[in-house]
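What follows draws every value from the coordinates through simple rules; no lab data is involved. None of the values given here were measured: they were computed from a predicted structure. Cβ placement follows ideal geometry from the backbone for every residue including glycine, while neighbour counts extend to all protein chains displayed.
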Amino acid sequence: MKLADLIDPVTIVEELAATSKEEVIPEMVASLAAAGKVKKQSIGGLIRALRAREKLGSTGIGEGLAVPHAKHESVKELIVTFGRSRKGLEFNALDGEPVHLVFLLLSSKEAPGQHLEALAYLSNLLRDKVLCRHLKEARDRAEIAAILKDADERMVAG
């Protein structure tokens, strides 16, 4: 699995307008819809699925990171996107700190294994503090995409 293959650079939100978890989920789903990765008629259902998952427990995992995720019948293949908030947003993170980096993951209800594999891969990748710092400091969408590609290559090599 490679994150760079899953995240279309067009869907990357290099500076999120959202200031909270309630705002960031629709903003990121909208970026996927605008890029044609999800159908516009599925937006409401995807947002509800992501919010329902958040009610089970925050996906703000700490260290400025959040990984909102959900399975939905409209999703046929694994979809991942990335958004960054330089100023930070309130996400009810486990450590109480603002979130700066958000990886949103959507998958098919028929592929729970793929969903778990992607979450595990992200978890391993995001342990790299240097990677997270580089993502926070990246100049633009192209640089974010290049950083993610480089991180994939290091994961495969390491």
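So the values come out like this:
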| item | result |
| --- | --- |
| Candidate set from the stretch 78-103 (those that are of a type in the set (A, V, I, L, M) and under 12 Å from LEU3 (Cα atoms)); member that is surrounded by the most Cβ atoms within 10 Å (Cβ to Cβ) | VAL80 |
| LEU65 being within 30 Å of GLU153 (Cβ to Cβ), surrounded by fewer than 17 Cβ atoms within 10 Å (Cβ to Cβ) and among the aliphatic types (A, V, I, L, M) | no |
| Which numbered condition ALA111 misses (of (1) surrounded by fewer than 17 Cβ atoms within 10 Å (Cβ to Cβ); (2) out of contact with any helix residue (DSSP H, G or I) (no Cβ under 8 Å at 6 or more places or on another chain); (3) under 21 Å from VAL13 (Cα atoms)) | (3) |
| Residues (in contact with a Ser or Thr (Cβ under 8 Å, 6 or more places away or on another chain), exposed (fewer than 14 other Cβ atoms within 10 Å of the Cβ) and either acidic (Asp, Glu) or part of a strand (DSSP E or B) (or both)) located in the stretch 1-58 | GLU15 |
